[in-house]
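Asks: Right, I'll just put the structure down here and ask away after.
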Amino acid sequence: MISESFQEDVFIADFTEYNNTPGLQSDEFFGVTVGTKDYGVVPSFVVTDKNRVTFVVINNEKNLGFYTLPDNNKVPQCECIIHTDRHDNRKGWMLFLELKYCKPRNLYSSMLDGINQLRATCNYVLKTKQEFDASQYKKYLVISTPGVEPLDPFDASYFDQDYMLTVKEDTGAVLKAANSAHIQTPAVVVFK
(Lines give C-alpha, C1' and ligand atoms only; values in the text may rest on other atoms or scores of the structure.)
Protein backbone atom coordinates (compact mmCIF):
# COMPACT_ATOMS: atom_id res chain seq x y z
CA MET A 1 0.00 0.00 0.00
CA ILE A 2 1.18 3.52 -0.77
CA SER A 3 1.96 5.40 2.46
CA GLU A 4 3.90 8.32 3.92
CA SER A 5 5.89 8.47 7.16
CA PHE A 6 5.87 11.52 9.42
CA GLN A 7 7.47 12.80 12.63
CA GLU A 8 5.52 16.05 12.92
CA ASP A 9 1.98 17.39 13.09
CA VAL A 10 -0.24 16.31 10.19
CA PHE A 11 -3.49 17.74 8.83
CA ILE A 12 -5.97 15.52 6.98
CA ALA A 13 -8.82 17.09 5.02
CA ASP A 14 -11.19 16.06 2.26
CA PHE A 15 -11.47 18.67 -0.49
CA THR A 16 -14.10 16.76 -2.53
CA GLU A 17 -17.14 18.76 -1.41
CA TYR A 18 -15.20 22.02 -1.37
CA ASN A 19 -14.06 21.51 -4.97
CA ASN A 20 -17.63 20.68 -6.03
CA THR A 21 -18.90 24.03 -4.70
CA PRO A 22 -19.00 26.71 -7.43
CA GLY A 23 -16.53 29.49 -6.75
CA LEU A 24 -14.62 27.59 -4.04
CA GLN A 25 -12.47 25.20 -6.07
CA SER A 26 -8.86 24.62 -5.06
CA ASP A 27 -6.24 24.39 -7.78
CA GLU A 28 -3.79 22.84 -5.32
CA PHE A 29 -5.74 20.20 -3.36
CA PHE A 30 -8.07 17.43 -4.51
CA GLY A 31 -9.92 14.72 -2.58
CA VAL A 32 -8.38 13.50 0.65
CA THR A 33 -5.21 15.48 1.32
CA VAL A 34 -2.54 14.72 3.91
CA GLY A 35 0.08 17.35 4.74
CA THR A 36 2.01 19.23 7.37
CA LYS A 37 0.19 22.56 7.14
CA ASP A 38 -3.29 23.70 8.08
CA TYR A 39 -5.29 24.15 4.89
CA GLY A 40 -7.42 26.92 6.38
CA VAL A 41 -10.34 26.70 3.93
CA VAL A 42 -11.37 23.13 4.79
CA PRO A 43 -11.42 21.96 8.42
CA SER A 44 -8.97 19.15 9.12
CA PHE A 45 -8.45 16.19 11.39
CA VAL A 46 -5.19 17.01 13.18
CA VAL A 47 -2.55 14.55 14.35
CA THR A 48 -0.24 16.31 16.82
CA ASP A 49 3.18 14.80 17.34
CA LYS A 50 5.08 16.92 19.86
CA ASN A 51 7.40 14.02 20.72
CA ARG A 52 8.35 13.38 17.08
CA VAL A 53 7.23 9.75 17.09
CA THR A 54 7.42 8.14 13.65
CA PHE A 55 3.98 7.23 12.32
CA VAL A 56 2.59 6.19 8.95
CA VAL A 57 -0.43 7.56 7.06
CA ILE A 58 -2.06 5.50 4.34
CA ASN A 59 -4.34 7.67 2.18
CA ASN A 60 -6.88 5.16 0.90
CA GLU A 61 -7.71 7.32 -2.12
CA LYS A 62 -4.18 6.56 -3.34
CA ASN A 63 -4.76 2.83 -2.86
CA LEU A 64 -8.09 2.29 -4.64
CA GLY A 65 -6.85 -0.86 -6.37
CA PHE A 66 -6.37 -2.47 -2.97
CA TYR A 67 -10.10 -2.10 -2.34
CA THR A 68 -11.21 -3.55 -5.69
CA LEU A 69 -12.60 -7.07 -5.56
CA PRO A 70 -12.00 -9.64 -8.34
CA ASP A 71 -15.48 -8.87 -9.76
CA ASN A 72 -14.49 -5.13 -9.96
CA ASN A 73 -16.82 -4.16 -7.12
CA LYS A 74 -15.36 -1.79 -4.54
CA VAL A 75 -15.13 -2.36 -0.81
CA PRO A 76 -16.30 0.76 1.05
CA GLN A 77 -13.26 2.39 2.59
CA CYS A 78 -12.50 5.14 5.04
CA GLU A 79 -10.18 8.05 4.23
CA CYS A 80 -6.99 6.97 5.99
CA ILE A 81 -5.24 4.41 8.12
CA ILE A 82 -2.69 5.84 10.55
CA HIS A 83 -0.34 3.70 12.63
CA THR A 84 2.85 3.35 14.60
CA ASP A 85 4.77 0.11 14.90
CA ARG A 86 5.58 -2.13 17.84
CA HIS A 87 8.15 -0.46 20.11
CA ASP A 88 10.00 -1.73 23.21
CA ASN A 89 7.91 -4.90 23.23
CA ARG A 90 4.68 -2.87 23.35
CA LYS A 91 1.93 -2.88 20.75
CA GLY A 92 1.73 -0.01 18.34
CA TRP A 93 -1.59 1.68 17.63
CA MET A 94 -3.62 1.85 14.44
CA LEU A 95 -6.52 4.11 13.68
CA PHE A 96 -8.95 3.99 10.81
CA LEU A 97 -10.17 7.53 10.08
CA GLU A 98 -13.38 8.64 8.40
CA LEU A 99 -14.11 12.34 7.89
CA LYS A 100 -17.71 13.53 7.74
CA TYR A 101 -18.42 17.12 6.79
CA CYS A 102 -22.03 17.79 7.74
CA LYS A 103 -24.41 20.16 9.42
CA PRO A 104 -25.11 19.53 13.14
CA ARG A 105 -28.65 18.36 12.35
CA ASN A 106 -27.21 15.58 10.12
CA LEU A 107 -24.49 14.57 12.55
CA TYR A 108 -25.99 11.30 13.81
CA SER A 109 -26.84 9.88 10.38
CA SER A 110 -23.51 11.01 8.91
CA MET A 111 -21.65 9.42 11.79
CA LEU A 112 -23.57 6.16 11.37
CA ASP A 113 -22.67 6.06 7.66
CA GLY A 114 -19.06 6.77 8.54
CA ILE A 115 -18.93 4.03 11.16
CA ASN A 116 -20.20 1.54 8.58
CA GLN A 117 -17.35 2.60 6.26
CA LEU A 118 -14.85 2.26 9.12
CA ARG A 119 -16.08 -1.23 10.00
CA ALA A 120 -15.93 -2.35 6.37
CA THR A 121 -12.39 -1.01 5.93
CA CYS A 122 -11.10 -2.43 9.19
CA ASN A 123 -12.50 -5.90 8.54
CA TYR A 124 -11.30 -5.95 4.94
CA VAL A 125 -7.75 -4.78 5.76
CA LEU A 126 -7.23 -6.86 8.90
CA LYS A 127 -9.39 -9.95 8.37
CA THR A 128 -9.89 -10.46 4.63
CA LYS A 129 -6.57 -9.17 3.27
CA GLN A 130 -4.60 -9.65 6.53
CA GLU A 131 -2.43 -6.70 5.50
CA PHE A 132 -1.25 -6.20 9.10
CA ASP A 133 -0.85 -8.51 12.07
CA ALA A 134 -3.83 -7.21 14.05
CA SER A 135 -2.46 -8.68 17.30
CA GLN A 136 0.41 -6.15 17.19
CA TYR A 137 -1.83 -3.06 17.40
CA LYS A 138 -4.32 -1.34 19.65
CA LYS A 139 -7.01 -0.51 17.11
CA TYR A 140 -9.38 2.46 16.89
CA LEU A 141 -12.19 3.44 14.52
CA VAL A 142 -12.25 7.24 14.54
CA ILE A 143 -15.21 9.14 13.15
CA SER A 144 -14.30 12.79 12.71
CA THR A 145 -16.59 15.72 12.00
CA PRO A 146 -14.15 18.57 11.30
CA GLY A 147 -15.78 21.91 11.99
CA VAL A 148 -18.46 20.33 14.22
CA GLU A 149 -17.46 19.32 17.73
CA PRO A 150 -18.82 15.91 18.73
CA LEU A 151 -20.66 15.79 22.04
CA ASP A 152 -18.84 14.38 25.03
CA PRO A 153 -19.04 11.67 26.23
CA PHE A 154 -19.37 10.13 22.79
CA ASP A 155 -20.84 6.77 23.79
CA ALA A 156 -23.60 8.31 25.89
CA SER A 157 -24.40 11.03 23.35
CA TYR A 158 -24.79 9.02 20.15
CA PHE A 159 -24.74 5.26 20.65
CA ASP A 160 -25.53 2.99 23.55
CA GLN A 161 -23.03 0.64 25.12
CA ASP A 162 -24.47 -2.39 23.32
CA TYR A 163 -23.74 -0.77 19.95
CA MET A 164 -20.20 0.14 21.03
CA LEU A 165 -19.61 -3.46 22.15
CA THR A 166 -21.03 -4.82 18.89
CA VAL A 167 -18.57 -2.67 16.92
CA LYS A 168 -15.70 -3.84 19.14
CA GLU A 169 -16.69 -7.51 18.75
CA ASP A 170 -17.04 -7.12 14.96
CA THR A 171 -13.75 -5.31 14.36
CA GLY A 172 -11.57 -5.68 17.45
CA ALA A 173 -11.34 -1.87 17.50
CA VAL A 174 -12.56 0.80 19.91
CA LEU A 175 -14.94 3.36 18.42
CA LYS A 176 -14.03 7.04 19.00
CA ALA A 177 -15.46 10.38 17.91
CA ALA A 178 -12.70 12.96 17.67
CA ASN A 179 -11.34 15.77 15.53
CA SER A 180 -7.74 15.27 16.64
CA ALA A 181 -5.29 12.63 17.81
CA HIS A 182 -2.35 13.41 20.06
CA ILE A 183 0.58 11.00 19.84
CA GLN A 184 2.13 10.46 23.26
CA THR A 185 4.42 7.51 22.47
CA PRO A 186 4.59 4.79 19.81
CA ALA A 187 2.19 2.84 22.07
CA VAL A 188 -0.16 5.63 23.21
CA VAL A 189 -2.45 7.96 21.29
CA VAL A 190 -5.09 10.22 22.91
CA PHE A 191 -8.17 11.55 21.10
CA LYS A 192 -9.95 14.89 21.50
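The values are calculated or read from the model by the stated rules, or taken from the named source; none is laboratory data. Everything numeric here is computed off the predicted structure, so don't read it as measured data. When we count neighbours, we look across all protein chains shown, and the Cβ atoms used for this are built from the backbone with ideal geometry, even at glycine.
Asks: Go through the range 54-84 and give me each residue that's modelled with pLDDT of 95 or more and among the aromatic types (Phe, Trp, Tyr).
Replies: PHE55, the sole residue that qualifies.
Asks: Residue by residue through the range 79-90, note down the ones that are in contact with a helix residue (DSSP H, G or I) (Cβ under 8 Å, 6 or more places away or on another chain) and either under 15 Å from ILE2 (Cα atoms) or surrounded by fewer than 10 Cβ atoms within 10 Å (Cβ to Cβ) (or both).
Replies: Result: GLU79, CYS80, ILE81.
Table: residues versus (1) assigned to a strand (DSSP E or B); (2) farther than 26 Å from ASP160 by Cβ.
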residue: ILE82; (1), (2): yes, yes
residue: ASP85; (1), (2): no, yes
residue: PHE96; (1), (2): yes, no
residue: ASN106; (1), (2): no, no
residue: ASN123; (1), (2): no, no
residue: LEU126; (1), (2): no, no
residue: LYS139; (1), (2): yes, no
residue: ILE143; (1), (2): yes, no
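Asks: Oh, and also: If I filter the range 63-71 for residues that are of a type in the set (Phe, Trp, Tyr) and touching a residue at least 60 places away in the same chain (Cβ under 8 Å), do I get at least one hit? Quick ask: steps written out before the conclusion?
Replies: Taking the range 63-71 as the starting set, the residues that turn out to be of a type in the set (Phe, Trp, Tyr) are 66-67.
Add one more test, that the residue is touching a residue at least 60 places away in the same chain (Cβ under 8 Å), and what stays is 66.
So far as the range 63-71 goes, yes, one or more of its residues are of a type in the set (Phe, Trp, Tyr) and touching a residue at least 60 places away in the same chain (Cβ under 8 Å).
Asks: Here's something else I'd like to know. Can you say whether VAL56 is over 21 Å from VAL189 (Cα atoms) and of a type in the set (A, V, I, L, M, F, W, C), as far as the supplied structure shows?
Replies: Judged against the criteria, VAL56 is not a match.
Asks: Out of (1) in a loop (DSSP other than H, G, I, E, B); (2) modelled with pLDDT of 95 or more, what's the single condition that is false for VAL47?
Replies: The one condition VAL47 does not meet is (1).
Asks: Which one of these does THR145 not meet: (1) in contact (Cβ under 8 Å) with a residue 40 or more places away in the chain; (2) out of contact with any strand residue (DSSP E or B) (no Cβ under 7 Å at 6 or more places or on another chain); (3) surrounded by fewer than 22 Cβ atoms within 10 Å (Cβ to Cβ)?
Replies: Only one criterion is unmet by THR145, namely (3).
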